[in-house]
Amino acid sequence: MKNSGTHTQYTAVERNNQLVLILNSEIKLPEDAPVRVTSAQLEELDYRKLYAAYSSRGRKSVTDPRVIFKVMAYGYQCGIFSSQKLEEACQYRVDFMWLPENQKAPDHATFFRFRTGRCSEAVEDLFIAANSEYITGIEAFSNRTDVGTFIPFMRKLELAHQRRHEEVITDAGYESLDNYLYLEANGQMSFIKPTNYEAQKTKKFRDQIGRIENMKYDQDEDCFICAEGRKLHCRKESTLMQDGIPVTRAWYRCESCENCPQRERCCRKQDINAPKEVIWKKTFREKREVSLQNITCDRGIMLRMNRSILVEGAFGLLKNDFSFRRFMTTGKRNIRIELFFLALGFNLKKRWMKQQKSRLETHYSEKKAS
């Protein structure tokens with residue numbers, strides 16, 4: 001008597017007059033295979049926005065949009081970005097064959113249309129809110145420098161996560177008065193690395209006697225003292241309101257630079273009789289000093305170390321391990337979609353690796369004493 005509970009583990013087909021048994025992909029994949037973990041994670045997403053992007057009229061999509069999304073995400077996790085290679089993987093790789101759930105595997109045209117059209121309206125609502133060691137925010141800017149991207153990116157993170165981060169750690173490229181004031185106005189603790197943090201440790205920096213950082217300040221007389229002992233007194237001070245916060249600058253001028261032996265090293269003015277002048281950005285220096293104290297305390301050292309490991313490490317993994325060298329599409333909207341899938345693939349792979357090493361509860365790397 002046939003046992004109705006027995007599952008068929010093969011399919012019999014005839015090829016070149018020979019009986020061939022095609023094994024079920026289920027028995028080829030271990031329970032903790034990356035594709036199984038990825039599929040389980042992606043099943044928790046809300047795909048209503050994605051389905052809404054497909055018209056209810058006309059021919060129904062051959063492959064479920066949810067399946068296309070899962071294949072795209074897993075492809076980026078495996079470092080497969082082009083539509084043609086995704087199609088090839090669905091034909092020849094067992095893990096990709098498992099994802100379509102007995103549906104017809106998408107072809108390269110389907111992947112291309114999905115990446116450049118269907119997915120654009122739903123991608124924001126599908127973003128995964130993650131914790132430490134994961135990419136939690138993505139955006140593409142046309143700015144040539146990092147300074148101008150800080151505030152709009154922080155606003156985007158706040159909107160996406162519905163909360164503000166209490167501590168903000170960045171590298172020196174994001175230091176500016178506007179960014180300091182933004183963090184202060186929002187009650188966020190600044191751990192921005194000063195642009196001259198590394199340079200001021202060098203002998204070359206200390207030998208630049210004309211820099212205001214290398215002059216002594218006399219608080220009683222409100223003046224700076226140069227390398228020759230001459231005083232630079234405050235001749236003008238200006239305070240302007242910026243975002244509701246007073247911003248102060250002060251101009252200091254040397255009492256006399258006549259016959260100064262350090263004139264060439266100290267002052268760049270062509271007129272040898274013109275006295276040395278410096279501008280002291282009081283508000284900016286005050287905010288920088290607070291941030292400097294933050295990054296040099298025990299908490300700041302730990303956070304800076306983790307920023308280097310997590311942020312720079314993520315870039316390194318995406319470029320080297322994922323072999324991501326260029327975007328497959330053009331236009332800011334399409335690039336943002338690619339960045340989304342790249343970050344999603346990174347996070348899914350990171351979660352699988354942490355699960356394999358029993359590190360799901362680990363959030364930070366602790367500094368070890370030598």
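Could you tell me whether SER358 is of a type outside the set (Val, Ile, Thr), surrounded by fewer than 13 Cβ atoms within 10 Å (Cβ to Cβ), touching a Phe, Trp or Tyr at 6+ places or on another chain (Cβ under 9 Å) and more than 30 Å from TYR180 (Cα to Cα)? Taking the combined requirement at face value, the residue does not satisfy it. Within segment 62-97, being part of a loop (DSSP other than H, G, I, E, B) and either of a type in the set (A, V, I, L, M, F, W, C) or buried (at least 21 other Cβ atoms within 10 Å of the Cβ) (or both) holds for VAL62, CYS78, ILE80, PHE81.
I'd like to know if segment 173-180 contains one or more residues that are polar (S, T, N, Q), outside any loop (DSSP other than H, G, I, E, B) and more than 30 Å from GLU43 (Cα to Cα). Looking through segment 173-180, at least one residue is polar (S, T, N, Q), outside any loop (DSSP other than H, G, I, E, B) and more than 30 Å from GLU43 (Cα to Cα).
Of the helices (runs of 4 or more DSSP H) lying entirely inside segment 274-370, those containing at least 3 residues that are within 30 Å of SER82 (Cβ to Cβ) span 313-316, 332-356. Pairs are defined by a Cβ separation below 7 Å, a sequence spacing of at least 6 or placement on different chains, a first member in segment 239-250 that is over 12 Å from GLU184 (Cα atoms) and in contact (Cβ under 8 Å) with a residue 24 or more places away in the chain, and a second member that is surrounded by 14 or more Cβ atoms within 10 Å (Cβ to Cβ) and among the polar types (S, T, N, Q); the pairs so defined are VAL247/THR283; THR248/THR283.
Within segment 324-347, can one find any residue that is over 19 Å from ARG115 (Cβ atoms), out of contact with any strand residue (DSSP E or B) (no Cβ under 9 Å at 6 or more places or on another chain), hydrophobic (A, V, I, L, M, F, W, C) and modelled with pLDDT of 85 or more?
Step one: filter segment 324-347 for residues over 19 Å from ARG115 (Cβ atoms), giving none.
There is no residue in segment 324-347 that is over 19 Å from ARG115 (Cβ atoms), out of contact with any strand residue (DSSP E or B) (no Cβ under 9 Å at 6 or more places or on another chain), hydrophobic (A, V, I, L, M, F, W, C) and modelled with pLDDT of 85 or more.
Of the numbered conditions (1) loosely packed, with under 14 Cβ neighbours inside 10 Å; (2) at pLDDT below 90, CYS119 satisfies every one except a single condition; which is it? Going through the list (1) loosely packed, with under 14 Cβ neighbours inside 10 Å; (2) at pLDDT below 90, CYS119 breaks only (1). Is it true that GLU286 is without any contact (Cβ under 8 Å) to a residue 24 or more places away in the chain and within 33 Å of the chain's Cα centre (by Cα)? Taking the combined requirement at face value, the residue satisfies it.
Of all the numbered requirements in (1) free of Cβ contacts under 8 Å to residues at least 40 places away in the same chain; (2) surrounded by 14 or more Cβ atoms within 10 Å (Cβ to Cβ); (3) closer than 17 Å to ILE209 by Cβ, LYS276 misses one, and that requirement is (1). With respect to the conditions (1) touching a strand residue (DSSP E or B) at 6+ places or on another chain (Cβ under 6 Å); (2) under 25 Å from TYR180 (Cα atoms); (3) β-branched (Val, Ile, Thr), ILE301 lacks only one, and its number is (1).
Annotation: of all residues in segment 98-111 being buried (at least 17 other Cβ atoms within 10 Å of the Cβ) and among the hydrophobic types (A, V, I, L, M, F, W, C), the one that is modelled with the lowest pLDDT is ALA105.
Search segment 22-45 for residues being in a loop (DSSP other than H, G, I, E, B) and surrounded by fewer than 10 Cβ atoms within 10 Å (Cβ to Cβ), and hand back the single one that is modelled with the highest pLDDT.
Going residue by residue through segment 22-45, those that are in a loop (DSSP other than H, G, I, E, B) are 24, 29-33, 43-45.
Subsequent filtering for residues that are surrounded by fewer than 10 Cβ atoms within 10 Å (Cβ to Cβ) retains 30-31, 44.
On the way: PRO30: 85, GLU31: 85, GLU44: 88.
Per the stated criteria, the residue is GLU44.
Restricting the search to segment 36-57, which residues are among the aliphatic types (A, V, I, L, M) and either under 27 Å from the mean Cα position of the chain (by Cα) or on the phi > 0 side of the Ramachandran plot (or both)? Those that are among the aliphatic types (A, V, I, L, M) and either under 27 Å from the mean Cα position of the chain (by Cα) or on the phi > 0 side of the Ramachandran plot (or both): VAL37, ALA40, LEU42, LEU45, LEU50.
The values are calculated or read from the model by the stated rules, or taken from the named source; none is laboratory data. As the structure is a prediction and not an experimental result, all values here were calculated from the model. Here Cβ is always computed from backbone atoms with ideal geometry, including for glycine, and neighbour counts include all displayed protein chains.
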